[in-house]
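The values are calculated or read from the model by the stated rules, or taken from the named source; none is laboratory data. Here the structure is a predicted model, which means the values were calculated and not measured. Neighbour counts are summed over all protein chains in view; Cβ atoms, including those assigned to glycine, are modelled from backbone coordinates with ideal geometry. For the accessible areas, the whole protein counts, side chains as well, though only heavy atoms, and no ligand, DNA or RNA atoms are used. Shrake-Rupley method; radii C 1.70, N 1.55, O 1.52, S 1.80 Å.
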Amino acid sequence: MKTIVAIGGGETFEDNTLINKRIVELSKKSKPNLLFLPTASGDSISYFDQLGAHFSQFGCNCDVLYLISEKPTQETIAEKISNSDIIYVGGGNTFRMMKVWKKTGVDVLLREAYEQGKVLCGISAGSICWFKYGNSDSRKFNNPEAGLIKVTGLNLIQALHCPHYDSEADRRPDLKKMMRKTYGVVAIALEDCCAIEILDDQYRIISARENARAYKVFWRGGVFFEEVIEQIETYQLLNELMSKK
């Protein structure tokens with residue numbers, strides 16, 4: 001089963017405990033191998049320490065793939081990805097992360113991991129990466145005054161994604177402008193502690209905080225639409241979510 005869980009944000013791993021437990025459940029293993037990709041954070045060691053402390057509570061064997069600080073061989077990269085049951089991508093600079101992935105061939109290996117049924121997940125940059133496009137703050141890492149940009153992801157989900165929809169004030173107005181110039185797809189905007197869980201051609205919205213919401217955002221006939229995506233237990237058809245209806 002092809003599986004993606006994209007999380008809109010959260011200050012700590014504990015903020016998303018309910019979502020993270022679901023990620024582990026989706027692996028269908030009591031002690032899954034979780035591989036962490038902290039590329040977007042510049043291979044932050046403390047970030048991996050935090051992840052390991054959190055996910056080990058749920059029986060995960062946690063490993064990390066450093067692509068910037070360690071320069072691993074292609075064999076090492078392929079082996080780590082192949083041995084994983086869950087691949088969790090951390091937040092940070094999405095634009096730089098995608099460049100590193102393409103340079104190292106990780107983009108190709110992640111697409112293969114998707115086809116093989118590994119659980120792909122992540123937060124912020126680690127949620128954008130699974131989509132066709134993303135609303136990203138990548139320029140702000142070098143210039144805090146810089147605006148948001150549209151970045152290209154792995155295109156496993158045929159939509160544009162905007163994380164931090166409630167916690168960062170510039171996201172909502174910028175997404176409205178960005179979508180006016182983005183044709184052929186809708187946007188999925190997620191508030192912090194909210195996630196979209198996709199299993200093959202179906203989806204549902206899950207959250208770790210009361211009232212954390214997801215939205216479908218698009219323009220049609222010159223009219224702007226921002227619709228709350230209903231959060232219910234049953235799975236819905238993904239192609240209906242992706243249509244401008």
**Fill in**
The extension gain from Q236 to E75, computed as 0.36 nm times the residue separation minus the Cα-Cα distance, is 54.1 nm
**Prompt:** Which shape class, rounded, prolate or oblate, goes with the range 1-109 when its Cα gyration tensor gives a ≥ b ≥ c as root eigenvalues, a/c under 1.5 marks rounded, and past that a/b bigger than b/c marks prolate?
**Reply:** prolate
**Complete:** Correct response: the longest run of the chain lacking exposed GluC sites (Glu not before Pro), defined by DSSP loop and at most 11 other Cβ within 10 Å, is 71-144
**Complete:** Mean accessible area per residue over the chain (1.4 angstrom probe, all protein chains present, square angstrom) is 46
**Prompt:** Round to a whole number: what % of the accessible area of the chain belongs to carbon and sulfur, probe 1.4 Å?
**Reply:** 48
**Asked** Say R0 is 25 Å: what FRET efficiency, to the nearest 0.05, do S30 and S82 get from their beta-carbon distance?
**Response** 0.80
**Asked** Given q = 0.09, 0.15, 0.17 Å⁻¹, what are the Debye log10 I(q)/I(0) values for the chain, with equal point scatterers placed on the Cα positions and solvent ignored?
**Response** -0.34, -1.00, -1.31
**Loop chymotrypsin sites (Phe, Trp or Tyr not before Pro), the range 112-202, which have at most 13 other Cβ atoms in a 10 Å radius of their Cβ (DSSP)** = Y183
